[in-house]
Amino acid sequence: MLDPRLQPVPPYSALIFDCDGTLVDSAPANERAWRHALAAQGVELDSAWYHARTGLSADELLAALEAEIGRELDRQQAHAAALDAYDWLVDTVPPREQVVAVARADHGRVPLGVASGGSRERVLASLRAARIHTLFDVVVTKDDVPRGKPAPDVYLLAAERLRVRPGECVAYEDTDEGLAAALAAGMRVIDIRPALTATPIS
């Protein structure tokens with residue numbers, strides 16, 4: 001049974017989902033990967049600081065961290081090390097069943113897309129590990145656009161590739177940056193966080 005808080009309200013012509021934290025519960029694996037990558041450069045990642053910024057792209061996260069610690073990092077090395085570490089952890093990443101249930105319910109009825117601030121390699125690995133990659137007609141990542149979230153670029157491109165007007169889409173997100181991106185694209189947005197932390201409404 002679908003959680004009523006996650007059900008899209010008609011009319012809509014497409015559903016577009018964020019990946020990390022929305023379709024898959026990747027936060028623990030992502031944190032472990034970044035912690036490993038940054039330790040090699042002498043940085044201890046603060047868990048609370050990281051979780052307040054999970055909606056940022058890798059470049060934006062590293063820029064924020066540089067500002068926090070007051071020195072430059074080797075961003076390319078850190079990003080590569082985090083990707084390598086995530087590859088080892090991806091099989092531990094479970095799907096968000098409440099959200100995936102929405103995608104399954106509308107699969108074949110309306111176009112479904114993914115609009116993620118992560119890299120294409122990481123997003124596809126997560127979707128495949130969760131065995132949900134075949135649900136989606138389009139996958140757009142930060143590698144496809146000039147600006148990451150909270151800019152609307154990934155959502156606008158996903159709608160374009162689905163051949164649907166942005167205003168006819170419902171987006172699913174779990175971060176403030178993601179919500180801002182979808183709203184800036186002109187979409188209706190469902191914040192999944194209340195459904196993850198509270199008892200379902202009967």
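Coordinate-derived values only; no laboratory data. The model shown is predicted, which means the values in this text are computed figures rather than measured ones. Cβ coordinates were reconstructed from backbone atoms using ideal geometry, including for glycine residues, and neighbour counts include every protein chain displayed.
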- prompt: Hey, in the GNM for the chain with a 10 angstrom Cα cutoff, which one of Arg120, Arg71, Arg131 fluctuates hardest?
  reply: Arg71
- request: Whole Å is fine, so just give me how far the alpha carbon centre of the range 16-31 lies from that of the range 130-177.
  value: 14
- prompt: Stretched out fully, how many nm does the piece from Thr197 to Arg53 gain, at 0.36 nm a residue minus the Cα gap?
  reply: 50.0 nm
query: the range 27-91: percent of C-alpha pairs farther apart than 15 Å?
result: 45
field: Helix 153-162 axis, angle to the chain major axis (alpha carbon atoms, nearest 10°)
entry: 40
message: If each residue of separation counts as 0.36 nm, what is the full-extension length gain between His107 and Glu44 once their alpha-carbon separation is subtracted?
response: 18.5 nm
- prompt: For the range 27-91, what is the charge dipole size about the Cα centre, in debye to the nearest 20, if Lys and Arg each add +1 at the Cβ and Asp and Glu each add -1 at the Cβ?
  reply: 80
task: Go ahead and estimate [θ] at 222 nm for the chain from helices alone: -39,500 (n - 2.57) per DSSP H run with n ≥ 4, summed, over the residue count, rounded to 500.
output: -13000 deg cm²/dmol
Which of Gly21, Leu61, Thr134, positive extreme of dipole for the chain (C-beta unit charges): Thr134
- prompt: How large is the charge dipole for the chain, taken about the Cα centre, if only the Cβ atoms of Lys, Arg (+1) and Asp, Glu (-1) carry charge, to the nearest 20 debye?
  reply: 660
query: Once Cα Rg over 2.2 N^0.38 Å is worked out from the coordinates, which option in [x] 1.23; [y] 1.00; [z] 1.07 does it equal?
result: [y]
statement: Exposure-ranked with fewest Cβ neighbours within 10 Å first, Asp20, Asp143 stand as Asp143, Asp20
